[in-house]
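Please treat every number below as a calculation from the coordinates, not as lab data. Everything numeric here is computed off the predicted structure, so don't read it as measured data. A quick note on method: Cβ atoms are made from the backbone with ideal geometry, for glycine too, and the neighbour counts reach across all protein chains shown.
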Amino acid sequence: MESGDEINICSDNEVNDYYGEDANNTDGNYDSLIKEEDSMDSDSDSPVAKKRPRLEGPPDRNYTVLKQSDIRERQENTIAEVATVLSVSKAVATVLLCHYNWSAGKVHEAWFSDEDRVRKNLGLLPIIEFPLDSTEVKCGICFDLFPTRDEIVSAACGHPYCVECFRGYIRTSINDGPGCLMLRCPDLSCSAVVDRDMVNSLVFEEEKQKYSTYLYRSYVEENKKIKWCPGPGCEQAIEFDDYQGWDVTCACDFSFCWNCVEDAHRPVDCETVANWIGKDHDESETKTWILAQTKPCPKCAKPIEKNAGCMHMTCNPPCNHQFCWTCLGDWRKHRKCNGYKEDKEKEVKKAKRHVKKYNHYYERWAANNLSRQKAVSDLRSVITEQIEKLGEMHGKTQFQLGFILEAWQQIVECRRVLKWTYAYGYYLPRGEKAKKLLFEFLQGEAEAGLERLHEYAEKEVRQFLKDPEGSVNFEEFELKLKSLTGITKNYFEKLVRALENGLSEVQTFIESWNCDLCTFANSWKNVTCEMCQKDQ
């Protein structure tokens, strides 16, 4: 007899683009855990099966990298433009632009359509002065009486507050967050706006800086055409000019998708990436593994892993329930359980198949992700150290050694593309056998080419640094590395185009095969090339 091992479950809650063209389930019903496997058998439920938007790379850069100084300059120019056109102060222009998401066009349209309505909605009220004969004024917050109006301030509405109370009100709002940009009069019945000029006249330098930062960041965060670069420690932004492909590269060398702000993932679309990342963080994969490798105790429903040979199981304390591992029946009443139950066996097999498939694609996705990170590190080493050393050893200029840099840039980019093709492959519908065959052929050719390039670039550069008079002279090394770089680039161009077109070339692929020697397109009926007689 053996004791089951209880399983504790916890949730795990620089380069440009080269390509232009349930544990409580005691009745054994686990349908909810493997429903995704069923959905992937259907073409209509797969993101890959749907018509993919084309993600074509731009021939020219279709975005602009904005530094902090660029953002502030644009913001001040927009404020000045609106203030001039509408004949209002810059403070009022700022209020209008904050409300209309920093679109001068929307401000002009709304203002000239109905100025009174805009003023009323945004609290831009006519200025009300205190009565000249007023001797004492009561603060609307602390209710103290003040003998002179010099100690009292108010928004355009005229509601009086002492300087200290109004300053405290503004400081609290600034410390609460960006909502202070549309601050209103403290009187709950009043909608008068507290503008930038009043804020700056009352608060101290620390709060001024916070307010200025909120205003500065709102220009990006409220603008539909500008987004912050998500690169570590980067404070620059990207302005997207026109759709020709979502992948962008910031001046900090961080590449990302402008649409979903994930790492650059061309040729895979954003929906597939979202599903893949969600799956990576989702507890459902853990649950599926539990189904395939464990069984729930029939009494307390905790998952039990079998760790010895016999079928007599005893759950951990305090449950201590004894049951049969095979049928989950009470051991005290157990006689035999050799009868075949088809449905339950199918569910377990399906769950195991799902886990195996996910592991296959995830392991390769993760391996290429790590390989890309190492390649990025190697690329930095090439730029900062190896190019200089090789130049001194062989009397070459940095320009003449640029082919090494180009090779490593190609490696980094290809690793990124290859990584995401595994996410693409995971979501290919099981029924699309021809597309799967074409996809794996193109992916395999590209991957093999990349491995040849990556290995040669790594080993041969090191060899030249250690032994400049090695078996291969530098001219031969240059020629071969350039050749491998070009071949790998061609392989990946072909792969990227095919995936962006939804593998529409599948019919041509089915009807013919290309000879490795002469590239002649042969019918699949032929096992020998008609042109050069080479076997397939």
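Applying a 10 Å radius around every beta-carbon, put 109-119, 360-370 in order of their mean neighbour count, most first.
360-370, 109-119
At a Förster radius of 56 Å, what calculated FRET efficiency corresponds to the Cβ-Cβ distance of Glu406 and Asp114, to the nearest 0.05? With a Förster radius of 56 Å, E is 0.45. Stretching Lys356 away from Leu517 to a fully extended chain increases their span by 54.3 nm, per 0.36 nm per residue minus the current alpha-carbon distance. Residue-wise HN-Hα couplings along the range 380-395, as the Karplus relation 6.51 cos²θ - 1.76 cosθ + 1.60 with θ = phi - 60° gives them from phi, are 4, 5, 4, 5, 8, 10, 5, 4, 5, 5, 5, x, 5, 6, 10, x Hz; Gly and Pro carry x. Compared with the direct C-alpha span, the chain from Glu235 to Met393 gains 52.9 nm at full extension, assuming 0.36 nm per residue. Sorted on the mean count of surrounding Cβ atoms within 10 Å across their residues, most packed first, peptides 455-461, 168-174, 314-320 read 168-174, 455-461, 314-320. Estimated at 0.36 nm per residue, the fully extended path between Glu129 and Leu145 surpasses their Cα-Cα distance by 4.0 nm.
Once both labels are positioned 7 Å from their Cα atoms along Cα-to-Cβ, the gap between Ser504 and Lys225 label points is 3.0 nm.
When the charge dipole of the range 178-232 is built from unit charges on Cβ atoms (+1 for Lys and Arg, -1 for Asp and Glu) and taken about the Cα centre, the candidate among Thr213, Ser189, Val203 whose Cα reaches farthest toward its positive end is Thr213.
Grab the beta carbon distance between Glu164 and Asn316, set R0 = 45 Å, and tell me the FRET efficiency rounded to 0.05. About 0.10, to the nearest 0.05. Between the range 78-155 and the range 161-179, what is the C-alpha centre distance in whole Å? Distance between centres, Cα-based: 17 Å.
Compactness of the range 352-405 was expressed as the Cα radius of gyration divided by 2.2 N^0.38 Å, which yields 1.85. Distances between placed amide hydrogens fall under 5 Å for Arg184 paired with Val194, all partners being 5 or more residues away or on another chain. With the simple model of a label 7 Å out from the Cα in the direction of the Cβ, Glu451 to Arg335 spans 5.7 nm.
A simple rule links phi to the HN-Hα coupling: the Karplus curve 6.51 cos²θ - 1.76 cosθ + 1.60 with θ = phi - 60°, which for the range 437-443 gives 5, 5, 4, 5, 5, 5, 5 Hz, with x for Gly and Pro.
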